[in-house]
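In what follows, a structure is listed as structure tokens, so that the remarks can point back to it.
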Amino acid sequence: MKLLVTGGAGFIGSNFVHHILENRKDVSILVLDALTYAGNIDNFEKWMWGHDNFCFFHGDIRDEKLVGNLMRNVDKVIHFAAETHVDRSIDNSDAFISTDIKGTQVLLEALRGTHVERFIHISTSEVYGSAEKMPMDEDHPLKPQSPYAAAKAGADRLVYSYFCTYDIPAVIIRPFNNYGPNQFPEKLIPLFITNARENKPLPVYGTGKNTRDWVYVKDCVRALEKLLDVEINTIKGEVINIGSGKDTDVLTITDTILNKLGKDRSLIKFMPDRLGHVQRHISATEKAKNILHWEAKTTFLDGLESTITWYLENEEWWRKIKEGRKEFKEFYKRYYHF
């Protein structure tokens, strides 16, 4: 199997590539990544670069010629590439509209002229907005509450329209909040772990009572691996949530991180609530169980403890970003004002 992985140097993408190379001798991977601020070449360990089944292309999913050439040489595609940070989209939505919607359209157009057997589109639970019914199943109304969520909803529905119009072999996956190793340290859990390690403030929006369904990234990539093998007619045109069916609020996460690191609650800095802040997310899990025979195995506390350990043991990785990346430093100072 030859697999094109867009955005494979990002958080979930790199964990997926790592998992496949470690566990599947029958899969050759072509990674396409533009290496924007959150794409990180350091997410690929030394052994991965020397692996016979790994090939990396530095390029943009909006590059029609490059995408067309790569698409003609693979059997399957999994599409992670996107701008993904809610706060950044509130600050400036341009890149989100261009990459998430236009980039997806370029991939879909290239797909039409090939014999690619399946296109796995990674959407997000953010397309739902705040929960109107609980748990949130795949038929929950789409009411995105940030420019990021709206861009992902646009791409999500664009993929579905190409399935309806052109019968492309697409499946849409909506992961709920992933966390774990190699996550860019702007995101909540790695930001709070690393800030606590440095005795810096932990910025909590509003009351901190907003909840999310948290999925350990290594559980998520197990689900995504199953999508490579399940009979295509079982998943073609479907939308599938990847969630745990449990939610945890931000303040509980903050307190847990501080306790694990032996830090005082005085590090918590409450801030005005985020614009368009989603109040609650909790995933229905039946469809993933029925179609993929998958469910999350890692409890949130176990996953969080493992994640804390990873960031403590990989300080060089995150310090290189927090201290060396202009994009990180400028956004952090502008958004949090400290």
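Among the listed pairs Lys46/Lys329; Lys260/Lys333; Lys187/Lys226; Lys297/Lys329, those whose Cα-Cα separation exceeds 29 Å are Lys297/Lys329.
Phi angles across region 160-171 convert, under the Karplus curve 6.51 cos²θ - 1.76 cosθ + 1.60 with θ = phi - 60°, into 3J(HN,Hα) values of 5, 5, 6, 5, 5, 7, 10, 6, 5, x, 10, 10 Hz, Gly and Pro given as x. All Cα-Cα separations within the chain were binned at 10 Å from zero, giving a P(r) of 5, 26, 37, 24, 7, 0, each value a whole percent of the pairs.
Extension gain, Ser266 to Asp26: 0.36 nm times the residue separation minus the Cα-Cα distance gives 81.3 nm.
The ranking of Asp302, Asp156, Asp75 from fewest to most other beta carbons within 10 Å of each one's beta carbon is Asp302, Asp75, Asp156. By the count of other C-beta atoms within 10 Å, a proxy for reagent exposure, Met1, Met48 are ordered fewest to most as Met1, Met48. Annotation for Leu275 and Lys65: the two label points, set 7 Å from Cα along the Cα-Cβ direction, are 3.8 nm apart.
Couplings 3J(HN,Hα) of region 268-274, computed from phi: 6, 10, 6, 10, x, 4, 4 Hz, in residue order, whole Hz [Karplus 6.51 cos²θ - 1.76 cosθ + 1.60, θ = phi - 60°; x for Gly and Pro].
Put simply, the amide H of Phe270, placed in the peptide plane, has neighbours under 5 Å in Val204, leaving out anything fewer than 5 places away on its chain. In the frame of its principal axes, region 147-271 has Cα extents of 56, 29, 23 Å, reported largest first.
Remark on Gly10: its backbone amide H falls under 5 Å from those of Asn40, a criterion applied only to residues 5 or more positions apart or on other chains, H modelled at 1.01 Å from N.
Footprinting exposure proxy ranking of Asp137, Asp60, Asp247, fewest other C-beta atoms within 10 angstrom first, gives Asp137, Asp60, Asp247. From the alpha carbon centroid of region 87-166 to that of region 1-47 is 21 Å.
Taking 7 Å steps out from each Cα toward its Cβ at Arg72 and Tyr166 produces label points 1.6 nm apart. In the Gaussian network model of the chain, springs joining C-alpha atoms below 10 Å, which of Thr99, Thr194, Thr36 carries the largest mean-square fluctuation? Residue with maximal mean-square fluctuation among Thr99, Thr194, Thr36: Thr36. Coordinate range of the alpha-carbon atoms in region 212-338 per principal axis, descending: 52, 30, 30 Å. Rounded to the nearest Hz, the phi-derived 3J(HN,Hα) couplings of region 59-64 under the Karplus curve 6.51 cos²θ - 1.76 cosθ + 1.60 (θ = phi - 60°) are x, 9, 5, 8, 7, 4, where x marks glycine and proline.
Extending 7 Å from the Cα toward the beta-carbon at both Lys329 and Glu138 defines two label points whose distance is 4.6 nm. Considering helices alone, the calculated mean residue ellipticity of the chain at 222 nm is -11500 deg cm²/dmol, with DSSP H runs of length four and up weighted by -39500 (n - 2.57) and normalised per residue. In the neighborhood of Leu21, defined by Cβ-to-Cβ distances under 15 Å, what is the net charge if each Lys or Arg adds +1 and each Asp or Glu adds -1? With Lys, Arg at +1 and Asp, Glu at -1, the neighbours total +1.
I need the calculated FRET efficiency for the pair Asp255 and Trp49, taking r as the beta carbon distance and R₀ as 30 Å, to the nearest 0.05. Once the sixth-power term is evaluated, E becomes 0.15. Counted over region 45-107 with a bin width of 10 Å, the fraction of Cα pairs per bin, in whole percents, is 18, 41, 30, 12, 0. The smallest convex shape that holds all Cα atoms of region 15-134, its convex hull, gives 144 Å³ per residue. Shown here for region 31-66: trypsin sites (Lys or Arg not before Pro) in loop regions (DSSP other than H, G, I, E, B) with at most 16 other Cβ atoms within 10 Å, of which there are none.
For Met1 and Glu238, a Förster radius of 35 Å and the Cβ-Cβ distance give a FRET efficiency of 0.95, rounded to the nearest 0.05.
All of the numbers you see were taken from the coordinates with simple rules; none came from a lab. Here the structure is a predicted model, which is why all the values come from computation and not from measurement. Backbone-built Cβ (ideal geometry, glycine too); neighbour counts: all protein chains shown.
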